[in-house]
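Derivation of every value follows stated rules applied to the coordinates shown; laboratory data play no part. Just so we're clear, the structure is a prediction, and the values are computed from it rather than from any experiment. Note: ideal-geometry Cβ built from the backbone for every residue, glycine included; neighbour counts use all protein chains shown.
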Amino acid sequence: MPKSIVIADAASSDLQLAPISPDWILSGRPEARNKLLARSHDGTCHLMVWECTAGRFNWYYDEDETIVVIAGEVFIATKNDEERRLCRGDTAFFPAGSSCTWRVVDRVKKVAILRKDLPFPLGFGVRAWHKLLRISGLRSQSPLLSAPAAAKILQLI
């Protein structure tokens, strides 16, 4: 059965209140809101839009999270207190198990892709299965993951 493609307008989505844990808030009164835009069929990946008002708070990642800032700005501080500014168009990756401090001066809005990390043996099995499907011709590899594209990504790092 064909799968449906989901297209959502993250900029104008109606968001629901999603309070930040009071234990995480360091200063201010940040108010967060979010909305689930899409979910993978296996439930391991979610696409969300999230926004937050001014404040400073810790954030703990229990899933891999990739974000794209679509409005406003945020300053992210890692454990070594190095602070980085993220603004519209910037992307960031936060691996499961990591944490940082967010400082929102006015407001920030992001699109987030949340992915549950698979245990190593299971993840290895899934990668092997997909490789077997590609070798057998039952599945093609994304052009985004081609060798020239991967080489360009490595050059940027």
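The figures follow:
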item: Placed amide H near residue 88: partners under 5 Å, 5+ positions off or other chain; result: 72
item: Highest-MSF residue in the chain out of 22, 30, 119 [GNM, Cα springs under 10 Å]; result: 119
item: Among 90, 42, 64, residue whose mean-square fluctuation peaks in a GNM of the chain (springs only between Cα atoms under 10 Å); result: 42
item: Long-range amide H partners of residue 96 with built H, under 5 Å; result: 64, 65
item: FRET efficiency estimate (nearest 0.05) - Cβ-Cβ, residue 127 to residue 106, R0 41 angstrom; result: 0.45
item: Phi-based couplings in Hz for segment 72-89 (Karplus 6.51, -1.76, 1.60; Gly and Pro marked x); result: x, 8, 9, 10, 10, 10, 8, 4, 8, 6, 6, 9, 10, 8, 10, 9, 3, x
item: Longest segment of the chain lacking trypsin sites (Lys or Arg not before Pro) that sit in a DSSP loop with at most 11 other Cβ atoms within 10 Å; result: 80-157
item: Percentage relative contact order, the chain, counting C-alpha pairs under 8 Å, at least six apart; result: 21
item: Whole-Hz ³J(HN,Hα) from phi, Karplus 6.51 cos²θ - 1.76 cosθ + 1.60, for segment 42-49, glycine and proline x; result: 8, x, 8, 9, 10, 10, 10, 10
item: Cα Rg over Rh - segment 12-140, Kirkwood; result: 1.06
item: Dipole of the chain, positive end: most advanced residue of 55, 5, 130 [Cβ charges, Cα centre]; result: 130
item: Cα centre as origin, Lys/Arg/Asp/Glu Cβ charges: the chain dipole, Debye; result: 540
item: For residue 18, residues with placed amide H under 5 Å, excluding near neighbours; result: 32, 33, 34
item: Nearest-ten-degree value, helix 147-156 long axis tilted from longest Cα axis of the chain; result: 30
item: Of 79/131; 3/79; 35/79, pairs whose Cα-Cα distance is over 32 Å; result: 79/131; 3/79
item: 3J(HN,Hα) from dihedral phi, segment 14-19, Karplus parametrisation 6.51/-1.76/1.60, rounded to Hz, x for glycine, proline; result: 6, 9, 9, 4, 9, x
